[in-house]
Amino acid sequence: MLETALKGSRTYWIWILFLLTIIGIGLIFYIKQFIVGLGITGMSRDVSWGFYISQFTFLVGIAASGVMVVLPYYLHNYKAFGRITILGEFLAIAAVLMCMLFIFVDLGQPLRVLNVILHPTPNSVMFYDMIVLSGYLFLNALVGWTALSSERKGVPPPKWLKIFVIISIVWAPSIHTVTAFLYQGLPGKHFWMTAIMAARFLASAFSSGPALLIILALIIRKFTKFDPGKEAIQALGKIVTYFMITNVFFLGLEFFTAFYSAIPAHTHPFVYLYAGLEGYNKLVPLMWLSNILAIISLVLLVIPQLRRNEMLLAIASVCVFFSLWIDKGFGLIVGGFVPNSFEKITEYWPTIPEVLIALGVWSIGFLVLTILYKIAVSVREEVGSIDIHH
Amino acid sequence: MSIRRRDFLKIAGVSAIAGIGGVSALSLLKIKGSEASSYIEDPKTLKGKRWAIAIDIQKFQTPEDYARVINACHSIHNVPDIGNPKEEIKWIWTESYEHSFPSQDYGNPYIQDHLKKKPFLVLCNHCDNPPCVRVCPTKATFKRKSDGIVMMDMHRCIGCRFCMAGCPYGARSFNWRDPRPYIKKINPEFPARMKGVVEKCTFCYQRIAVGLQPACVEASKGAMIFGDLADPNSEIRRVLSSRYTIRRKPELGTNPSIFYIIGG
């Protein structure tokens, strides 16, 4: 099926070329980082994780959210999702690849990465993260590819596939739970030391992921002959709505616990992020932008008449995606390090090389996603089927 | 029997995955006993089950008292002076009372003046229950079973900095770039580090092995007491049982091995 990715319109090739250019720029700066060291980033002794690890965290959520289309389709036989299940699975593949790359570019000694396998350490959460992420990549590649191949041949997918589908459904929440465990079990990191971290991660994942899927489905409809279907998009809209509400509710719980208890170590990171602490306030505008986007998205999502308008749903999805990207793909990691272990403040802001490397990784993800989606769409256009029998 | 290219690739792929997993599983099964024991121990080696240091803060009076201790450590361990606080590398340094013990007495303005103004030496606490060891994905940082020292294998460290996030004492530094150009005078007796690895105080394991006390303790002229907590007759046990001492963030359950003698 790969050959279908080699035939495309002018727009398709311009897009591919564009992504390759950004990847090239990212690669040049990565080589610089490889030679000089992580000193070219904005990270420091006090804020020792930054943009890379926060992108990783956010993208694990996007990857996990694939289950939001796989589950209703395979377990509840929700037919409308039959057309977009493959989009969810392929999005998961691209997202997990980006996660792995973001961990890789964050390593000080990347050539030693195999030490994680050569010296397996079951007391480290990182060990489990490696297992769940690679397992999830394998499951989605297997399920997505096999289902699509069968569809192309016009036959139902093999029966054994169902077992892997069920494993992947159970597996999906585990990748984001384990990722939350990287943070929520660290003594002395008050901002992260919260039992609701994993639940909050899942809520934000299951809203930001489907929101991205809505945007992607609309793009596909605009540029190809394949229509993911109005009903499927509306159903995704409902999923985004409920999980966005849950996410905002969970964030509210964090605020209540911190400010009603009034324990300084617990309130400080929140004050730093949303109001500024002792005159340090670099993240305040971003965090408020996140809040405003969240409010706009909720208004558009909660009122059914607005949500049913596809244009407004698209705007709401963009708002959800960026609101949660700021919240989890930036603030959450930095907030854990401010103030530091000595209750002192060192601020963090990514450098240009750091952002370009990150953009390079995102572009690799989008390149993989584009190729996979191109294959999926080509098969659909070729088969021309409206009703897919799995 | 012919094999189709497609099938070959499938088999090759599965074998590769199984191979990587297999190596992992084998290492897990390996008998635990990877600590270096194949060398002949120096008869002068100091013997102890859990090393600790008590710092008598009253004996640190002038800035020179602190500088002497810090320099003793940093010079023999090739700790670079990068000159940029964001990329700073330090094994032992000073912080105020308020910043060293933030949970002890948060924002108490009525505390004795001499405490408020006094710098406190801070270093790796060589915790009995070290979070950094718990989180390290490669065992590059590990607690030595024989004497409780939290060690660092700079050749195994992948530079993921999970230990830096895990340490509640800010004791760990990362080499954000090659440190060698920033080392004033390289001590050939001790390895210098490369970029991309984490480092910290290792309780002068190399000095203990030849019967010497840690460099900071030696340079402190009696203001720091080094000894074995497991030995009830050690000097440090005598000091701890007779004078009032505190430790940093004891509520976290890490059980630090660095004590601060506050009272008489």
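Which shape class applies to segment A:302-390: rounded if a/c is under 1.5, otherwise prolate when a/b exceeds b/c and oblate if not, where a ≥ b ≥ c are the square roots of the Cα gyration tensor eigenvalues? Oblate, because a/c is 1.5 or more while a/b does not exceed b/c.
Amide H contacts of B:Ile158: none lie under 5 Å away among residues 5 or more positions distant or on a separate chain (H built 1.01 Å from N in the peptide plane; Pro and chain starts excluded). Treating each Cα of segment B:41-261 as an identical point scatterer and summing with the Debye formula, the log10 of I(q)/I(0) at q = 0.10, 0.13, 0.18 Å⁻¹ comes to -0.44, -0.77, -1.55. Adding -39500 (n - 2.57) for every DSSP H run of four residues or longer, then dividing by how many residues the protein assembly as shown holds, sets the calculated 222 nm ellipticity at -17500 deg cm²/dmol. Helix A:67-76 and the long axis of chain A differ in direction by around 50°, with both axes built from C-alpha atoms.
Going down the list B:Lys44/B:Lys185; B:Lys47/B:Lys118; A:Lys328/B:Lys195; B:Lys86/B:Lys249, which pairs span over 26 Å between their C-alpha atoms? Among B:Lys44/B:Lys185; B:Lys47/B:Lys118; A:Lys328/B:Lys195; B:Lys86/B:Lys249, the Cα-Cα distance tops 26 Å for B:Lys44/B:Lys185; B:Lys47/B:Lys118; A:Lys328/B:Lys195. 3J(HN,Hα) couplings calculated from phi for segment B:110-127 with the Karplus curve 6.51 cos²θ - 1.76 cosθ + 1.60 (θ = phi - 60°) are, in sequence order, 9, 5, 3, 4, 5, 6, 4, 9, 7, x, 10, 6, 10, 7, 4, 7, 6, 4 Hz; Gly and Pro show x.
Taking a Cβ cut-off of under 12 Å around B:Val135, the surrounding Lys, Arg, Asp and Glu residues balance to a net charge of +4, with basic ones at +1 and acidic ones at -1.
3J(HN,Hα) along segment A:264-281: x, 4, 7, 7, 3, x, 5, 4, 4, 5, 9, 9, x, 10, 6, x, 9, 8 Hz, from the Karplus curve 6.51 cos²θ - 1.76 cosθ + 1.60 with θ = phi - 60°, whole Hz, x for Gly and Pro. Per-residue mean of foreign Cβ neighbours for A:45-53 is 5 (Cβ atoms of other chains, 10 Å radius).
Under 5 Å between amide hydrogens, built in the peptide plane, is the criterion, and for B:Met151 it picks out B:Phe142, B:Lys143, B:Arg144 among residues at least 5 positions away or on other chains.
Relative contact order for segment B:41-261: what percent, with Cα pairs under 8 Å and sequence separation of 6 or more? Spell out each step's value before the answer.
Numbers: 398 pairs, mean separation 75.3, N = 221.
Across segment B:41-261, relative contact order equals 34 percent.
How high is the relative contact order of chain A? Use alpha-carbon pairs under 8 Å, at least six apart in sequence, and give a whole percent. Normalised by residue count, the contact order of chain A is 31 percent. Spin-label model, B:Ala67 to A:Ile163: label points 7 Å out along the Cα-to-beta-carbon direction sit 7.2 nm apart.
Maximal additional length on extending the A:Tyr260-A:Val299 stretch stands at 11.3 nm, based on 0.36 nm per residue less the C-alpha distance. Electrostatic tally near A:Ile16: other residues with Cβ closer than 14 Å to its Cβ, Lys and Arg +1, Asp and Glu -1, net +3. With the simple model of a label 7 Å out from the Cα in the direction of the Cβ, B:Ile262 to B:Lys44 spans 3.9 nm. Quick one: plug the Kirkwood hydrodynamic radius of segment A:2-383 (C-alpha pairs) into Stokes-Einstein at 20 °C, 1.002 mPa s, and report D in µm²/s. Answer, rounded: 99 µm²/s.
Between B:Glu189 and A:Thr146, the FRET efficiency estimated from the beta carbon spacing at R0 = 56 angstrom works out to 0.40.
Using a 7 Å offset from the Cα along the Cα-to-Cβ direction at both B:Gln104 and A:Lys225, what is the distance between the two label points in nm, to one decimal? Modelled inter-label distance: 7.6 nm.
Here, each number is a calculation from the coordinates, and none is a lab measurement. Given the structure is predicted, the values throughout are model-derived calculations rather than measurements. Neighbour counts run over all protein chains shown; Cβ positions are idealised from the backbone, glycine included.
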